[in-house]
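First comes the structure, then the notes that go with it.
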Amino acid sequence: ETVQANAEETVLKVSSLLEIAKAAGVTLERKPGGSIVSSGWRPPSINGKTPNAAPRSKHMIGQACDIYDPDGELDDWCMENLETLGQIGLWMEHPSATKGWCHLQTFPPKSGKRVFYP
């Protein structure tokens, strides 16, 4: 139940951000297969097999979502609009650590910084 509630909150917040970014002119690309989401909720068994996944990834508890971003357009927009992330209640991994996707999460990292390194 907790993971489901977390995931519902994550979907709402990420969707809000994507609507704002799209209205600002950001092009959201679909990955092969048709989704803009690269990764959402991951059970521990899948997380353990995911390259470079953190052992305590917020994906495992429904508090993170990776958006397909092959050209970094969404990452760039987010970096220029950190106040929007703050208003919505999202944090992001630094784009230099997420080539090809934009990692967003609903729980602050230990540093408390809006943009953080994994």
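Observations, loosely collected:
- Applied to segment 67-81, the Karplus parametrisation 6.51 cos²θ - 1.76 cosθ + 1.60 on θ = phi - 60° returns per-residue 3J(HN,Hα) values of 9, 4, 8, x, 9, x, 5, 5, 4, 4, 4, 4, 4, 8, 9 Hz, with x for Gly and Pro.
- Fluctuation leader among 108, 51, 95 - the chain, Gaussian network, Cα springs under 10 angstrom: 51
- Å² of accessible area per residue within the chain, as computed with a 1.4 Å probe and no ligands counted: 58
- Summing +1 for each Lys or Arg and -1 for each Asp or Glu among the other residues whose beta-carbon sits under 15 angstrom from that of residue 11 gives -1.
- When a 1.4 Å probe is rolled over the protein heavy atoms, the share of accessible surface on segment 1-68 that falls to carbon and sulfur comes to 56 percent.
- Applying Stokes-Einstein at 20 °C and 1.002 mPa s to the Kirkwood radius of the chain, computed over alpha-carbon pairs, gives a translational diffusion coefficient of 151 µm² s⁻¹.
- For the peptides 85-91, 56-62, the ranking by mean Cβ contacts within 10 Å, running from highest to lowest, is 56-62, 85-91.
- Spin-label pair residue 37-residue 22: with each label point 7 Å from Cα along the Cα-Cβ axis, the two points sit 1.4 nm from one another.
- Net charge of neighbours whose Cβ lies under 10 Å from the Cβ of residue 100, counting Lys and Arg as +1 and Asp and Glu as -1: -2
- For residue 39, the residues 5 or more places off, or on other chains, whose built amide H falls under 5 Å of its own are 66.
- Since only 79, 53, 92 are under comparison, the one whose Cα sits farthest along the positive direction of the charge dipole of segment 43-97, derived from C-beta charges on Lys, Arg, Asp and Glu, is 53.
- Lysine pair count for the chain with Cα-Cα distance under 18 Å and sequence separation of 8 or more or different chains is 8.
The values are calculated or read from the model by the stated rules, or taken from the named source; none is laboratory data. Source: prediction; values computed, not measured. No Cβ is skipped: glycine too gets one built from the backbone with ideal geometry, and neighbour counts run over all protein chains shown. All accessible areas refer to the heavy atoms of the entire protein, side chains included, with ligands and DNA or RNA removed. Shrake-Rupley method; radii C 1.70, N 1.55, O 1.52, S 1.80 Å.
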